[in-house]
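This report refers to the structure that appears directly beneath it.
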Amino acid sequence: MDCVFCKIINHEIPSNIVAENEYAIAFEDLDPVAPVHVLVVPKMHIGSIMELDDSNLKYVQEVHKLIQEVAKIKNVDKSGFRVITNYGEDGGQTVPHLHYHVIGGKRLGPKIIHD
Ligand code: 5GP
Ligand code: ZN
């Protein structure tokens with residue numbers, strides 16, 4: 001499949017992996033918007049949040065567990081962080097494989113969506 005995140009999952013293209021489990025992988029965003037900017041991605045090609053259903057709920061569960069782990073590894077578990085998933089044209093999704101931005105390491109404004 002011609003999907004950049006599937007290629008990262010399969011180690012076909014390099015990434016800086018922060019953590020992973022059987023169902024999800026976390027790696028550094030190529031173009032970080034904050035001191036901490038990690039992408040947490042299910043290890044199955046799910047196109048977006050709109051493709052989640054009862055058949056792939058396990059991935060949602062494991063993605064959230066990995067987000068907690070990333071927060072601890074990046075030392076923002078106490079200071080706080082933001083989790084964002086973009087969907088569709090207005091949401092600004094550019095990679096069509098479900099992913100969650102974990103952003104932190106600085107004080108984020110209340111209305112800031114992405115950075
Ligand atoms: P979206 O706009 O779809 O929510 O976010 C896509 C994110 O993936 C962007 O923040 C972008 O910097 C990141 N990204 C795109 N291609 C790559 C890549 O090849 N490697 C890594 N590590 N991040 C990528
Ligand atoms: Zn994919």
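Remarks
- Where a residue in the range 87-100 is at positive phi and its partner, wherever it lies, is of a type outside the set (Ser, Thr, Tyr), with Cβ under 9 Å and at least six apart: 88/50; 92/86; 92/113; 92/114
- Criterion violated by residue 63 - all others in (1) within 14 Å of ligand 1 (Cβ to nearest atom); (2) in contact with a strand residue (DSSP E or B) (Cβ under 8 Å, 6 or more places away or on another chain) satisfied: (1)
- Residue list for the range 3-56, restricted to those being out of contact with any Lys or Arg (no Cβ under 9 Å at 6 or more places or on another chain), within 14 Å of ligand 2 (Cβ to nearest atom) and free of Cβ contacts under 8 Å to residues at least 12 places away in the same chain: 7, 10, 11, 12
- Look at (1) of a type outside the set (D, E, K, R); (2) over 16 Å from residue 97 (Cα atoms); (3) in contact with an Asp or Glu (Cβ under 8 Å, 6 or more places away or on another chain) and you find that residue 24 fails only one, number (2).
- Hey, residue 33 of a type outside the set (S, T, N, Q), open to solvent by less than 10 Å² (accessible area, probe 1.4 Å) and near ligand 1 (Cβ under 10 Å from one of its atoms) or not: no
- Residue ID - surrounded by the most Cβ atoms within 10 Å (Cβ to Cβ), chosen from residues in the range 12-30 that are more than 9 Å from ligand 1 (Cβ to nearest atom) and either of a type in the set (Phe, Trp, Tyr) or over 19 Å from residue 63 (Cα atoms) (or both): 23
- Taken together, 42, 96 contain a single residue that is under 17 Å from residue 6 (Cβ atoms) and open to solvent by less than 10 Å² (accessible area, probe 1.4 Å), which is 42.
- Scanning the range 45-54 for residues that are open to solvent by less than 100 Å² (accessible area, probe 1.4 Å) and farther than 20 Å from residue 95 by Cβ returns a single hit, 53.
The values are calculated or read from the model by the stated rules, or taken from the named source; none is laboratory data. No experiment lies behind these values; they were computed from the predicted model shown. Reconstructed Cβ throughout: ideal geometry from the backbone, glycine too, with neighbour counts over all protein chains shown. Heavy atoms of the whole protein, side chains included, go into the accessibility calculation; ligands, DNA and RNA do not. Shrake-Rupley method; radii C 1.70, N 1.55, O 1.52, S 1.80 Å.
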